[in-house]
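Take a look at the structure set out below.
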Amino acid sequence: MNNHQFYIDGKWVDPVALSTRDVINPSTGRPFTTIAMGSTADVDRAVIAARRAFADFGFSDRAERLALLERMLTVYRRRADDLALAISSEMGAPRPFARDSQVGSGDGHLEKLIDVLRHYSFEHQKGTSMVLKEPIGVAALITPWNWPLNQIMCKVGPAIAAGCTMILKSSELAPLSALIFAEIMDEAATPKGVFNLINGDGPTVGAALSSHPDIDMVSFTGSTRAGIAVAKAAADTVKRVAQELGGKSANILLPDCDLETAVTKGVEGCFGNSGQSCNAPTRMFVPRDLHDEAIAIARRAAADYVVGPADEQGVVLGPVVSEVQFNKIQALIQVGIDQGAMLVAGGVGRPDGREHGYFVKPTIFANVTPDMRIAREEIFGPVLSILPYATTDEAVTMANDTPYGLASYVQTQNVEEGRRFARRMRSGNVFMNYPDWDTGLPFGGYKQSGNGREYAEYGLEDFLEIKGVAGWGQ
């Protein structure tokens, strides 16, 4: 692997000045490799390459871009096992989950995008005028550690489809999957300068990308705090900023739902990926008269989650990504106890027999009130809060009482009632009765959960400018 190099202008190159950082395996808490860390000088090199490449790629035809995406998918599938091993090592996803869900998500997005690009219309005639949709230019892509390939593919794929050139900066906590992805782009014969990769941290490389005058757009996924910093850095050059940020998603269980299924699947949704998903249903609202029954079901469900190293057979929940994240989660669990929430399962400390690594007990609180910190702050760990409600109107009010608005969940046997509640939720997505994943649905948030959309044609359009041409039909 090219851990100590960056991919710029179609080749692997040494950094301008070598600085390295340890990559920690969260299953052990110990370093297992190092990567090079970039500087503003490395950003300048990559931007020059991307700007030069845009002069041609920005005017490439659909067939050329389709062929590139199809080559990418072929090589991506060939490297799937390598990608899964990297993700397990760098962010702790259990091996089967890393292969099927983490790597599989990138495959699903790229396959869908190829179909979208085959049929997408980049022009629309209105009388004697024409509306053209054109690539925005050079894009900076800043991706997180929790779903590395999902987010890389949700940005790189649409940028390619639109005709943009790009510089990718993945999270320094989970950089190996991005390095392999750069190898995939190289093997797929991506034209030089179209795709560039630099590793680095947010205050250095992230800030340089966000503020660079020759970058036309920043697509960022991460915390709301970091997203605000990106937007401020981008403001001076008035570049487009598309953001997919944090969440504190509500899961409303209506009185008529199948409580056993709704609670069990709600626990599963919250605990998946060790709770490290921005759209996880972390606030479960249950009718007050069903609160005790929901507690019993949730306690049984939590007991099934085996916590351990990513490479250990039978493990369902791997570690959280870092010591910083582990300590934050532990502190918030203690806050939940101190503020009087009922601890149903889990609690502070590591699970028995897991002395090393960043392992968190699957934790459930009940009798949570909306003012408690565990009900308001994004914990980003396997911690579920159960909040009782008296009326369904009260449930909607409490669910929407959050600065976030990424996703909501509604469980009911009455489809019309579910649709009514879906309209009332102030969030970019609503999931009724735990449906299958849909790569064709727009993904993104309201309020402090962001301002862009990803997936399918919605992600493609984030990378397009609209031009109106009068007199086209003379």
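Derivation of every value follows stated rules applied to the coordinates shown; laboratory data play no part. No experiment lies behind these values; they were computed from the predicted model shown. No Cβ is skipped: glycine too gets one built from the backbone with ideal geometry, and neighbour counts run over all protein chains shown.
Using Cα centres only, tell me the gap between segment 324-350 and segment 149-213 in whole Å.
36 Å
Among bridges DSSP assigns within the chain, what percent are antiparallel (round to 5)?
40 percent
Assigning unit charges at the beta carbon (Lys, Arg +1; Asp, Glu -1) and nothing else, what dipole magnitude in debye, to the nearest 20, does segment 354-418 show about its Cα centre? Write out the running numbers ahead of the final one.
Values: 4 positive and 9 negative charges, 85 e Å.
Using Cβ point charges on Lys, Arg, Asp and Glu, segment 354-418 gives about 420 debye.
Please get the size of the charge dipole for segment 250-444, origin at its Cα centre, with Cβ charges of +1 on Lys and Arg and -1 on Asp and Glu, quoted in debye to the nearest 20.
Taking the Cα centre of segment 250-444 as origin, the dipole is about 380 debye.
If you keep only loop residues by DSSP, which GluC sites (Glu not before Pro) in segment 377-474 have at most 10 other Cβ atoms within 10 Å of their Cβ?
Loop-located and lightly packed - none at all.
Where in the chain are the DSSP H helices whose C-alpha atoms run 15 Å or more along the long axis and whose mean Kyte hydropathy is at least 0.0?
Working: long enough: 40-57 (25 Å, 0.26); 62-78 (24 Å, -0.39); 80-91 (16 Å, 0.61); 104-119 (24 Å, -0.45); 148-162 (21 Å, 0.82); 176-187 (17 Å, 1.13); 224-235 (16 Å, 0.83); 259-271 (18 Å, 0.48); 291-302 (16 Å, -0.10); 323-338 (22 Å, 0.31).
Length and hydropathy pass: 40-57, 80-91, 148-162, 176-187, 224-235, 259-271, 323-338.
Among Gly308, Thr237, Gly340, whose Cα projects farthest towards the positive end of the dipole of the chain, with charges put on the beta-carbon of Lys, Arg (+1) and Asp, Glu (-1)?
So the residue we want is Thr237.
Starting with the highest mean, order 143-153, 336-346, 182-192, 430-440 by the number of other Cβ atoms within 10 Å, averaged over the residues of each peptide.
Top to bottom by mean Cβ count within 10 Å: 143-153, 182-192, 336-346, 430-440.
Where in segment 281-362 are there GluC sites (Glu not before Pro) that are in a DSSP coil and have at most 10 other Cβ atoms within 10 angstrom of their Cβ? Numbers along the way, then the final one.
Working: sites: Glu293, Glu312, Glu323, Glu355; in loops: Glu312, Glu355.
For GluC sites (Glu not before Pro) across segment 281-362 that sit outside H, G, I, E and B with at most 10 neighbouring Cβ atoms in 10 Å, the list reads Glu355.
If the cut-off is a Cα-Cα distance under 19 Å, which lysines reach Lys265, setting aside same-chain residues fewer than 8 apart in sequence?
The reachable lysines, counting only those whose Cα sits under 19 Å from Lys265, are Lys248, Lys361.
Would you work out the relative contact order for segment 200-243, in percent, from Cα pairs under 8 angstrom that are 6 or more residues apart?
Across segment 200-243, relative contact order equals 44 percent.
Considering only Met153, Cys164, Ala188, whose Cα is most displaced toward the positive end of the charge dipole of segment 149-203, charges sitting on Cβ of Lys, Arg (+1) and Asp, Glu (-1)?
Result: Cys164, furthest along the dipole toward the positive end.
Going by average Cβ density within 10 Å per residue, which order do the peptides 108-115, 216-223, 85-92 take, highest to lowest?
Ranking the peptides 108-115, 216-223, 85-92 by packing returns 85-92, 216-223, 108-115.
Please report, in debye to the nearest 20, how large the charge dipole of the chain is about its Cα centre when each Lys and Arg carries +1 at its beta carbon and each Asp and Glu carries -1 there.
Working: 45 positive and 56 negative charges, 135 e Å.
Here the chain has a charge dipole of around 640 debye.
Helix-only estimate, please: 222 nm mean residue ellipticity of the chain, summing -39500 (n - 2.57) across DSSP H runs of length 4 or more and dividing by its residues, to the nearest 500.
-11500 deg cm²/dmol
Relative contact order for segment 250-444: what percent, with Cα pairs under 8 Å and sequence separation of 6 or more? Can you show the working numbers first?
On the way: 355 pairs, mean separation 51.3, N = 195.
Averaging sequence separation for qualifying contacts and normalising by length gives 26 percent for segment 250-444.
Considering Cα pairs under 8 angstrom that are at least six residues apart, work out the relative contact order of the chain and quote it in whole percent. Present the calculation step by step, with values, prior to reporting the outcome.
Numbers: 1094 pairs, mean separation 89.9, N = 474.
Taking the mean separation of contacting Cα pairs over the length of the chain, I get 19 percent.
List the lysines whose Cα lies under 18 Å from the Cα of Lys467, skipping any in the same chain that are fewer than 8 positions away.
Partners found: Lys126, Lys133, Lys239.
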